[in-house]
Amino acid sequence: MYVNFITILLTAVGLSMDAFAVSLTIGLDVDKDKQKKAALMSGVYFGGFQALMPVIGYFLGVKFTKYIESVDHWIAFVLLAVIGVNMIREALSGDNDKEEMPADYLNHKKFVMLAIATSIDALAVGVSFAFLSVNIISSAVTIGITTFLFSVTAVVIGKKIGDIIKNKAEILGGVILIIIGIKILLEHIIK
């Protein structure tokens, strides 16, 4: 079966939605002077992982994915829930004076965890691509660029919303991450 560019692009948009939501959360609480860095990091990490995972899935094939699919939703849920709960805890503790504390959400370790959590589904997409007439390189590039653009845009939108709701932004961001984790978990449990 031949898969056209529109199908790949729609797949890319679908895969980028979790990264969009997480990037929106990052934008909610980012300082104005760190907005560009947050947007770039979101785009690079989320776009990069969304491009890489289908390639991995494509080459590893069905056998490996069967093992991953049995736990992928739990991995994503735990990563997102832990980060979300930590954000809420920090917001409620009152200890997070922005002038004194570095922007913890801009560290590379946290971005890697978020990128893995939001891109695990792309691994399964890559496996399905292996059975179709799909050029995996152009598909991965399309998915990566789409996710990059969605993620950068989401940080900007999140910053605008965060400026409006001020100190509640970090709590909202934590709640959003937990909801995304629950959504991923439920999508896989209720099939």
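Where a number appears in this text, it was derived from the coordinates with a stated rule and is not lab data. Because the structure is a prediction, the values reported are computed rather than measured. Here the Cβ positions follow ideal geometry from the backbone for every residue, glycine too, while neighbour counts run over all protein chains shown.
A few notes on this one:
- Residues considered: 158, 174. Of these, the only one that is over 12 Å from the mean Cα position of the chain (by Cα), closer than 15 Å to residue 17 by Cα and touching a residue at least 60 places away in the same chain (Cβ under 8 Å) is 158.
Each row is one residue, and each column tells you yes or no for (1) in contact (Cβ under 8 Å) with a residue 24 or more places away in the chain; (2) more than 25 Å from residue 131 (Cβ to Cβ); (3) surrounded by fewer than 15 Cβ atoms within 10 Å (Cβ to Cβ); (4) small (Gly, Ala, Ser).
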| position | (1), (2), (3), (4) |
| --- | --- |
| 7 | no, no, yes, no |
| 14 | no, no, yes, yes |
| 21 | yes, yes, no, yes |
| 24 | yes, yes, no, no |
| 29 | yes, yes, no, no |
| 36 | no, yes, yes, no |
| 45 | yes, yes, no, no |
| 52 | yes, no, no, no |
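- Any chance residue 78 is over 30 Å from residue 132 (Cα atoms) and aliphatic (A, V, I, L, M): yes
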